[in-house]
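Structure first, commentary second.
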Amino acid sequence: MSEPNQFRHYQIVQDAEGNNVELVRDAEQVAVLAFDTQRLEFVHCHVLLQPQAERASFDDACARLRKNGHPLLGRLMDCGEDEGSPFYITSNVDGETLRAYLARQQEIPMWLAVMIACRALESAMALCERGDYMSELPMEAMRIVQTGPTAVQVTIADFRFADGRAARSRVLKANFERQAKFLRTFLQEQAGGGGPTAAETMLPAADFSELLGGCLTAMAGSIATQAKELRNALFKVAPEHLSGEIPTAQKPRPLVAPLLATYQDVARGVVNLVRIQSQRLDMANPYSMKGTLTRAGRQVWVEQVPPLRVCSARVEEADRQMMKLAKKRDFPGLVSVVLVNESDGITCVAEEVVDGLSLADFLRERKSLDPQESYLVMAGLDSVLLQLEKTTLGTRKLRLEDIYLMTGFAREDARTAKLMVTRVNEWPSFSITVRAHPSLASMSGRGADPGVLLPAQTADGRSPWNAGWMAALGRFLLGMEPLNGKVEGAMVGREREAVARMLDDELTKARDGIVSSRADFLGRYARVIQHYDLVKPMETAASAEASITELPPARGNGRPKTGALKPVAAKFKAEAALVMSPLVMAAPFGASSKPSGPAEKTAGFAELLFQSGRSQAVGTAAPDTQPDDDADDADWNPDPESVPMWLKAAVFIGGSMFLGGVLAHISGDAFWQKVALKPAAPGVAPAAPTVEKKNPGTVSRPVPKAIPVRDDEIDAPAFKIPEPPNLSLKPPAGANLRELITDQPGGSTTKK
């Protein structure tokens, strides 16, 4: 087998027979699959067969697409000319073309057809907003990828670079309204009345493909309003509720999977080290299998390291380097690699399962975060990025799926479900962990990468985790970018508009090459949200404080514990000093948006979260994981209303007696201060004691006169005046490209 060809720092991917993996071959261009050895990810290398008549227009179009990226468009990584042949490099879209997907279907579920149509329209609108770059065959340029059990995404992976005259001619021929009417009528007829259809309704895939292709061919930037109206009309015929997953016959096929070993081969390669739990395909992440280390018993994800004909040797080097760093335990914020094993020519890597909440899953549930929540997430991520910069891994890509919020609860725990619908600044505590080593999902381009909003940077020694990347992440957190193909979180209000302007300004500077530090960006962000005081109290400060301290009994002893609230107070004090003042707890978890009556008592989220450790969860019995009562006796503050009367009376009487004794000692009337005199002999009148007057206010003790002792008296012991006890209170002691690609016209993409 010949060695893989390489153009600049892009290695051309080969199949098992040694042929280049071709993606597109027509009269205009040839596209092959390649691997970027600097960023460690797959790319599409497009070579135009005809030189551009206007080179300036080609460069301008490439610069515009490279500067203004979008999650629904393939990221333009590089462009230029090699010996008279223009080329451009785009990121990999790990799916088959939309035309090929629909061509192998006989029937398709109604809800899936509506989803595909809406996703394709959204991608076409995103491209038309940047110019007339839609291919003449749009369904060949779009690729479909499964992102969840019942979710797919359609992304444009190929562009058309033409002069303005051809673009104007194409717009004049467009007849989008007629094509949209045909598609809408067809779907409404299949739905049977125009209302929401049942989930099991099927429709012919050939007819749907023809009508959808007509709409996409007629797309242009001037008809964005009509395209949005069509998308909204299609949503009405979709079923209201979906369950289960996409049928196996309708699952989109991954692009890179046919180039790798099968699941059975990977499982056999680690059979002595890892016990694979299940080999069932998860199309949202089709490259990893979950297992357990046979010796340590730790949960791991196992996947194959691609061979050298598919990717660079730097991938395995990065995995082994991450495994060495994990053994040193100097970087707790990075996901650990626990195994790199080679057996029968297959190299496998195993990473530890992160028992946390993925940021991508969190945003799918919440749709968008508030500005102060976004600040807390980015501030926590900043400390992890400092650890990442200290390593020599050279990581230049972080997806939302690579960022985990560590809450202390398992992903399947019922308390995690409560956290997903609760404000981040009401969480007891959390930390952030990131996956810094290359994974197959990341290398193949799956997931949401905030870096698509910025121009791709080369490995010039500068850190890619600057203020521009933070601003791009902030747009995802605030819901300003589409996740799963739908724009969520409308920016409403002056406060959110101010944050949006700040993020846009930072992105504009980053696109123009002006780089600033993360610390400066976070400082400006904190000043903006502090200026507008985004944390609005939804209840009075007294009621908020009462909701934190007055916990309902969690057990039969009536003694709630407040130890779980200590991390909350410490976290809030630390963040409030930097961000907001004053800080008042927002509406408690589970409370409705309607104002409650004055007599209604509500419990904050921390209280309910604490109780859930002892009470029974929804549908399951939660084990009691709290420590014994004796461990928290020192922190227990009883409720005044729950103290019994006898205890109050005993404290009152004891305190009164102690206070009376202190006052008697001061006045000199205490019983321990009185002198017991010796009785006088019979017939002798005792002399009156003399009182020596000293300073005013000072009481002197009477001093008896000396009494003569007779011989007939019995000897008595000497008398000592008792000294008063010492009542003083002391205080106790005390971290050429065209030749490389076109030399094998028979090359084709391998199929599994």
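The values are calculated or read from the model by the stated rules, or taken from the named source; none is laboratory data. The shown structure was predicted, so the numbers you read here are calculated from the model rather than taken from an experiment. Here the Cβ is made from the backbone with ideal geometry for all residues, glycine too, and neighbour counts use every protein chain on show. Remember, those area values only see protein heavy atoms, side chains included, never the ligands or the DNA or RNA. Shrake-Rupley method; radii C 1.70, N 1.55, O 1.52, S 1.80 Å.
Numbers at a glance
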{"item": "Spin-label zone in the stretch 346-366 - amide nitrogen under 13 Å from a point set 7 Å from the Cα of Arg268 along the C-beta vector", "result": "346"}
{"item": "Distance between modelled label sites at Glu210 and Glu389, nm, 7 Å Cα→Cβ extension", "result": "5.9 nm"}
{"item": "Fraction of accessible area attributable to carbon and sulfur, the stretch 78-146 (%, probe 1.4 Å)", "result": "44 percent"}
{"item": "Accessible surface, per residue, of the stretch 348-466 when the full set of protein chains is kept, probe 1.4 Å, Å²", "result": "31 Å²"}
{"item": "Solvent exposure, largest accessible area first (probe 1.4 Å, DNA, RNA and ligands not counted), of Met202, Met139, Met115", "result": "Met202, Met115, Met139"}
{"item": "Average accessible area per residue (Å²) across the stretch 1-155 - probe 1.4 Å, nucleic acids and ligands excluded", "result": "33 Å²"}
{"item": "Fully extended contour minus Cα-Cα distance, from Glu317 to Ala224, at 0.36 nm per residue", "result": "28.8 nm"}
{"item": "Prolate/oblate/rounded call for the stretch 375-451, Cα gyration tensor, a/c under 1.5 rounded", "result": "prolate"}
{"item": "Ranking by accessible area, most exposed first, for Ile666, Ile12 with a 1.4 Å probe", "result": "Ile666, Ile12"}
{"item": "Mean shadow area of the stretch 1-141 over all directions, Cα convex hull, nm²", "result": "10.3 nm²"}
{"item": "Proximal charge balance of Gly297 [Cβ under 13 Å; K/R count +1, D/E count -1]", "result": "+2"}
{"item": "Zone of Arg275's modelled label, taken as backbone nitrogen in the stretch 291-324 under 17 Å from a point 7 Å along Cα→Cβ", "result": "291-302"}
{"item": "At R0 = 51 Å, FRET efficiency that the Cβ-Cβ distance of Ser343 and Glu497 yields, to 0.05", "result": "0.35"}
{"item": "Full-extension gain in nm, Arg295 to Thr508, via 0.36 nm per residue minus C-alpha separation", "result": "71.5 nm"}
{"item": "Accessible-area value, Ser431, 1.4 Å probe, nucleic acids and ligands omitted, Å²", "result": "60 Å²"}
{"item": "His241/Asp382 FRET efficiency (R0 45 Å; Cβ-Cβ; nearest 0.05)", "result": "0.65"}
{"item": "Entries in Lys290/Lys418; Lys367/Lys418; Lys67/Lys251; Lys327/Lys390; Lys251/Lys290 that, when Cα-Cα distance is taken, lie over 23 Å", "result": "Lys290/Lys418; Lys67/Lys251"}
{"item": "Environment charge of Val353, counting only residues whose C-beta is closer than 11 Å and scoring Lys/Arg +1, Asp/Glu -1", "result": "0"}
{"item": "At q = 0.10, 0.20, 0.22 Å⁻¹, base-10 log of I(q)/I(0) for the stretch 258-372 (Debye sum, equal scatterers on each alpha carbon)", "result": "-0.35, -1.16, -1.31"}
{"item": "Stretch gain in nm, segment Asp669-Ala233, where the contour uses 0.36 nm per residue and the Cα spacing is subtracted", "result": "147.4 nm"}
{"item": "Of every Cα-Cα pair in the stretch 308-450, the percent that sits beyond 24 Å", "result": "35 percent"}
{"item": "Two-site label geometry, Val515 and Ser57: point separation in nm, points 7 Å out along Cα→Cβ", "result": "3.5 nm"}
